[in-house]
Amino acid sequence: MLDSVIQAAKNRSKKINKIEEIKKNLSPKEARQRLYELAQKGYESIEENDKKVFLKYFGLFDKNEFTPKKFMLRVRIPGGRLTPEQALALAQVAKKFGEDYIDLTTRMQVELRNIRIEEVPEIFDALEKVGITAYQTGIDNIRNIVTDPLDSIAMDNFLPSFEIIEQLQKLFLKKEEWIGTLPRKFNTSISGSLANRCNVYGHDCCFVLAIKDGVYGYNVYLGGKVGKIAKSADIFLKAEETADFFENLVTFYKEYGFRDNRNRNRLYYLIEAVGMENFKKALEEFSQKEFQKAGKRLCSMEHWDNTQGKVMLKNGTFALHSVVPGGIFSGTAMEKAAQIAAENGGELRISVEQNLYITNVKDPDSALKKEYFTIYKNVDSPFFNHLVACAGKNECSFGVIPNKPDAIELSEYLAKKFPLSDTKIRIYWSGCVKGCGIHEWGDIGFVGAKAKKGGKTLFGCDILLGGSQTKPKEARTIIKSLPLEDSKDLIEALIYEFYSYRKEENFEEFNERVFENFSSGAVAFLMGFNALLKRAEIEYRFTLHNKRAIGRFEPFEIFEFGNSIYRDLTSDKAYLELHNFQPVGSKKPEHPSTLNPKIPKEIGDIIYKMVHHDTKKRYQVFSEIIKEIKELL
């Protein structure tokens with residue numbers, strides 16, 4: 001089967017992309033030397049290829065368009081784990097060189113901003129002294145490896161994995177043959193816990209807790225990326241086999257991964273070209289080893305740490321959780337958190353939801369009285385506890401919307417509107433389709449987009465629903481290109497449905513019980529139509545919780561919903577009887593606004609076209625209705 005992979009690579013190697021051509025100009029060693037030369041010469045000496053490629057080898061991203069002559073520095077934090085000493089070093093660097101600003105990211109690492117190229121050598125020295133590096137955190141490298149932030153200490157952590165992360169890093173970190181030499185970035189996760197605290201199924205390579213023949217190990221999932229959950233490779237590995245497997249996998253990808261179209265060069269596309277079974281056989285041939293078939297997957301439990309605020313650990317102490325909305329942090333805050341950790345003989349652990357744990361806390365009540373927790377709450381509203389937001393257009397050249405401010409503004413609004421406290425809603429925002437805000441795994445996901453309204457182009461978003469922590473499942477798109485200014489009312493309508501009809505459920509469970517029974521268009525209709533009713537100051541609200549499932553067949557859903565709304569708002573039936581979604585008898589519906597003058601004509605027109613006696617004039621797909629609703633909002 002290796003031949004099929006070789007042939008696929010040949011088919012995609014006829015034209016090499018521009019980045020690959022640039023990479024040929026400097027070796028990693030030469031790129032590092034050039035970085036230090038640029039630090040001496042200053043910003044004006046930096047060339048375009050440096051910004052596009054070589055500086056990214058070392059985590060430096062040019063942000064001249066946002067902060068003139070300054071950079072963002074991405075720092076690798078393996079498994080999100082920081083000792084107090086490391087956290088204090090980061091804090092001091094952020095305060096001295098980065099205007100006291102830190103972003104916590106969805107790869108459990110940190111980003112410093114406002115960095116001048118001249119200061120980079122001093123920054124690198126300060127970080128390296130405490131065992132932290134920015135190496136290989138950008139472009140075509142093996143990126144920061146994520147794991148359960150409570151790895152080795154949580155009660156549900158059966159197979160400690162941090163030592164394996166260190167083994168994996170030794171294979172590639174600061175190694176000349178691995179710096180910038182992959183076809184594209186390569187993301188990895190490993191979790192030995194029952195609870196999925198690290199978005200474990202969303203990476204190129206995922207090692208997921210499993211058991212086979214009474215032995216704990218990992219099932220392997222491959223090919224995850226934005227919009228795609230990694231698929232089972234039907235492989236089980238013992239802990240001691242993981243490093244060899246990983247080395248063979250990334251070497252295989254380096255050798256045969258595609259290097260033409262950068263938008264289609266991730267591991268996913270190599271697997272897609274030959275199929276998972278053939279890919280697995282080719283990898284076995286390449287590795288000269290036959291893999292065991294997958295065991296029983298055990299990582300299938302959601303966690304409630306963010307809602308509970310603390311987690312009892314194996315040694316009887318606690319990990320205290322702190323909510324960092326949108327990951328917006330500071331050196332000053334990092335310093336205070338590090339002090340609490342040091343006082344307790346613990347560590348800081350960054351989560352993929354951009355929050356922070358302080359471990360080994362013996363007296364949680366005393367710790368929670370610290371000033372730090374007055375700002376970064378131990379438990380916040382459900383609309384903040386699991387809020388994720390990547391950088392957005394104010395700090396990222398790919399961003400389409402501001403994003404972090406949008407996410408925080410919406411959560412503040414929802415928190416005031418819905419006084420929930422005992423539930424869980426994961427709200428994940430990405431500023432663009434690149435998906436750094438892991439939107440496709442949220443209960444509710446947002447993706448920055450452009451939207452049209454009144455002939456103007458506005459900030460907009462796509463809204464997704466139904467990502468999962470408990471199973472390999474990504475969210476589905478509900479509505480596209482919605483103006484951000486209208487998103488508040490539509491999300492309010494969605495949360496109102498959950499708030500009103502949940503049965504001691506979290507949002508994921510409610511979604512599976514209610515929304516999953518209906519088409520994406522039906523859910524979008526619920527949101528848009530109720531937003532329209534709210535603006536028209538009509539008290540009635542359409543609901544899905546009591547509607548029967550119709551196989552997600554939109555023409556039937558539209559007709560059934562229309563008849564229900566017609567009856568509720570006019571106190572009359574559109575038709576005398578219905579049989580198999582067809583009218584019985586000769587009665588034809590009157591316009592709803594005629595029967596109830598309080599219904600604005602525009603809304604009445606929508607209801608009327610949902611139940612029109614002439615099927616050619618009746619809506620057949622929800623996108624027709626959503627388009628009209630958008631124009632009316």
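A few points about this structure:
- Taking the charge dipole of the chain about its Cα centre, with +1 at Lys and Arg Cβ atoms and -1 at Asp and Glu Cβ atoms, the residue from Leu2, Ser468, Thr457 reaching farthest to the positive side is Thr457.
- Expressed as a whole percent, the proportion of Cα-Cα pairs in region 88-148 lying more than 18 Å apart is 36%.
- The translational diffusion coefficient of region 1-98, from Stokes-Einstein at 25 °C and 0.890 mPa s with a Kirkwood hydrodynamic radius over alpha carbon pairs, comes to 148 µm²/s.
- Beta-bridge orientation, the chain: approximately 80 percent antiparallel, per DSSP, counting only bridges with both partners inside.
- When the alpha carbon gyration tensor of region 46-104 is reduced to an equivalent ellipsoid, its three semi-axes come out at 24, 15, 8 angstrom, largest first.
- Cα-based Rg and Dmax for region 345-463, where Dmax is the largest Cα-Cα distance (Å): 16.6, 60
- Cleavage-rule hits (GluC sites (Glu not before Pro)) in region 1-85: DSSP loop, at most 15 neighbouring Cβ within 10 angstrom: Glu47, Glu65
- Gain on full extension, evaluated as 0.36 nm per residue between Asn64 and Phe556 minus their Cα-Cα distance, stands at 171.8 nm.
- Test item: Cα-centred dipole of the chain, Lys/Arg +1 and Asp/Glu -1 on Cβ, debye: 1400 debye
- Here region 198-262 was treated as a single set of alpha-carbon atoms; its pair distances binned every 5 Å from 0 give 4, 16, 22, 25, 18, 8, 4, 1, 0 percent.
- Whole-Å semi-axes of region 591-633's equivalent ellipsoid (Cα gyration tensor): 18, 15, 5
- Pair Arg548, Asn11: separation of 7 Å Cα→Cβ label points (nm): 4.7 nm
- Split the accessible area of region 295-346 by element, probe 1.4 Å, and carbon with sulfur accounts for 53%.
- Volume of the Cα convex hull of the chain, divided per residue and given in Å³: 171 Å³
- Extent of region 244-327 along its three principal axes (Cα atoms, max minus min coordinate, largest first): 47, 33, 20 Å.
- Whole-Å distance, taken between Cα centres, linking region 138-164 and region 183-233: 11 Å
- Tensor-based shape of region 291-393 (alpha-carbon gyration tensor, a/c under 1.5 rounded, otherwise prolate or oblate): oblate
- Near-label residues of region 440-476 by backbone N, under 20 Å of a point 7 Å along Cα→Cβ of Arg513: 443-444, 465-471
- Positive end of the dipole of region 304-418 (Cβ unit charges, origin at the Cα centre): among Ile328, Thr307, Tyr357, the Cα lying farthest that way belongs to Thr307.
- Percent of Cα-Cα distances greater than 13 Å, calculated over region 501-555: 63 percent
- With Cα atoms defining each centre, region 428-467 and region 518-588 are spaced 27 Å apart in the structure.
- Contact order normalised by residue count of region 123-188, Cα under 8 Å, 6+ apart, percent: 46 percent
- Label separation (Lys52 vs Lys456): 3.7 nm, computed from points 7 Å beyond Cα along the C-beta direction.
- Taking each of Lys416/Lys503; Lys18/Lys41; Lys23/Lys96 in turn, the alpha-carbon distance tops 24 angstrom for Lys18/Lys41; Lys23/Lys96.
- Counting every C-alpha pair in region 546-625, the share spaced more than 21 angstrom apart comes to 22%.
- Extension gain, Glu128-Lys96: 0.36 nm per intervening residue step, less the Cα-Cα distance, totals 9.9 nm.
- Using bins of 5 Å that start at zero, the share of Cα-Cα pairs per bin across region 1-53 amounts to 4, 16, 20, 15, 12, 9, 8, 7, 5, 2, 0, in whole %.
- Per residue accessible area of region 179-336, 1.4 Å probe, in Å²: 34 Å²
- Of Lys175/Lys434; Lys15/Lys56; Lys70/Lys95; Lys310/Lys473, those spanning more than 18 Å from alpha-carbon to alpha-carbon: Lys175/Lys434; Lys15/Lys56; Lys310/Lys473
- Mean-position separation - Cα centroids, region 390-421 and region 256-329, in angstrom: 26 Å
- Length released on extending from Lys24 to Thr615, taking residue separation times 0.36 nm less the Cα-Cα span: 206.5 nm
- When region 476-633 is described by a simple charge dipole with +1 on each Lys and Arg Cβ and -1 on each Asp and Glu Cβ, the residue from Ala536, Thr477, Gln620 located farthest towards its positive end is Gln620.
- Over region 449-578, equivalent-ellipsoid semi-axes from the Cα gyration tensor in Å: 24, 21, 14
- With coordinates expressed along the principal axes, the C-alpha atoms belonging to region 158-216 extend over 39, 21, 20 Å, beginning with the largest.
- Cα Rg, Dmax (largest Cα-Cα span) when computed across region 54-167, Å: 14.7, 48
- Sorted largest first, extent of region 288-339 alpha carbons per principal axis (Å): 51, 29, 23
- Under the simplified labelling scheme, the Ile375-Lys41 pair shows an inter-label distance of 4.0 nm, with each label point 7 Å from Cα along Cα→Cβ.
The values are calculated or read from the model by the stated rules, or taken from the named source; none is laboratory data. From a predicted model like this one, the values you see are computed outputs, not experimental measurements. Backbone-built Cβ (ideal geometry, glycine too); neighbour counts: all protein chains shown. These accessible areas exclude ligands, DNA and RNA; they are computed on the full protein's heavy atoms, side chains included. Shrake-Rupley method; radii C 1.70, N 1.55, O 1.52, S 1.80 Å.
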